[in-house]
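Just so it is clear, none of the values below were taken in a lab; they were calculated from the coordinates. Small disclaimer: the values here were computed from a predicted structure and weren't measured. Don't worry about glycine lacking a Cβ; one is built from the backbone with ideal geometry, like all the others, and counts go over all protein chains shown.
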Amino acid sequence: MECLKFELFSPCTTFKTPFSLKGIETYPLPTYSTIVGLLYTALGEKWKGEEFLISVQGTYETVFRDYIRLRKYNRKDEELEVLPLEVPRLYKMYCVIHTVGSSLEKFKKALESPSLYLSFGGGEYPLLVKNPRLLGAEEKYWEGELRYNAYVPKSRKSSLYGEGIYFRIPSFYQVIDGERVWKWEEVYYFQKGTTFEGKLWVDEEGDVLWL
C-alpha cells in the first residue's frame, strides 16, 4: 500500500473543541478535518466529497494559558460586550501525518509548493510543512512503544496496553438541507511510550499508521 507522509510544526496552536463556549478547550492533536482542510488549502481547491484515510500522531512541549478579550454582540441588549477569555495553547506542536487514498501525488506536490500561506486556526498560527514523501506501507505483526502521542481508531484500540482518552473528532461532512453535517470518528488518544502489539500497517521508515 502507498501512503503520503509528512511532518508539521507550529510554534503555538489551538485546536478548538466544538462545544467550547464560555471557555475554550483544545484537542491534543489536529483533527482529521483539520488535515483535510490543510491539504485542500495547499491545493487551492474546494473539497468535493473525496474521502481518504488519515493517521495523526504528534507531540508538544507543554500547554500554557493565554488570555484574550472577546468581543461579543449581545442581541438582547443590542450592545457589544467585551469579555475576558482563557485560551489553551499547545507550545511547539510537532505532528507526523499519513494519508492513504487517491490523489497522493497531487497532495504531495501541493504541500511542496502550496497555493497559499499555510497555517492552523485560519491564519492565526504559522505552520511549517516538512518533507512530504510517498512511501510504501505493509500490514504485518509489529510491537513496540508509541514514538508520539496518537489518535487510535476504536477498531485498533485492542492493539495497545491501556485505556487511552476517548474523543469524537470530525473528519468529513455532507451538506444536507444547506447545512454541513459532520461525520464524527471515535478515537482514543494514547500518549508517547504506550506499549502496543498486533497486526498493523507500518511504513518503510518504521512508523505505524493508525488507520
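Points worth noting:
- All C-alpha pair distances within the stretch 107-169, sorted into 10 Å bins from zero, spread as 14, 31, 33, 22, 1 percent across the bins.
- Lysines with Cα under 25 Å of Lys192, excluding same-chain neighbours fewer than 8 positions away: Lys5, Lys16, Lys92, Lys130, Lys140, Lys154, Lys157
- Using 0.36 nm per residue and subtracting the Cα-Cα separation, the extra length available between Ser158 and Tyr91 on full extension is 21.1 nm.
- With the cut-off at under 19 Å, measuring from each backbone N in the stretch 157-183 to a point 7 Å along the Cα-to-Cβ line of Glu143 picks out 157-163.
- Under the Debye formula (equal points on every Cα, no solvent term), log10 I(q)/I(0) of the stretch 5-63 at q = 0.16, 0.18 Å⁻¹: -0.64, -0.79
- Percent antiparallel among DSSP beta bridges (both partners in the stretch 117-211, rounded to 5): 100 percent
- Legend: calculated FRET efficiency, Glu205 to Arg71, from the Cβ-Cβ distance at R0 = 35 Å, rounded to 0.05, equals 0.15.
- Mean projected area in nm² (Cα convex hull; one quarter of hull surface) for the stretch 71-190: 12.8 nm²
- Note on the stretch 2-209: percent of Cα-Cα distances in each 5 Å bin, starting at 0 and stopping at the bin with the largest distance, equals 1, 6, 13, 18, 18, 17, 12, 7, 3, 2, 1, 1, 0.
- Qualifying trypsin sites (Lys or Arg not before Pro) in the stretch 1-39, where qualification requires a DSSP coil assignment and no more than 14 other C-beta atoms within 10 Å, comprise Lys22.
- Zone of Phe9's modelled label, taken as backbone nitrogen in the stretch 80-107 under 14 Å from a point 7 Å along Cα→Cβ: 92-96
- Charge-dipole axis of the chain as Lys and Arg at +1 and Asp and Glu at -1 on Cβ define it, positive-most pick from Ser103, Cys12, Gly206: Cys12
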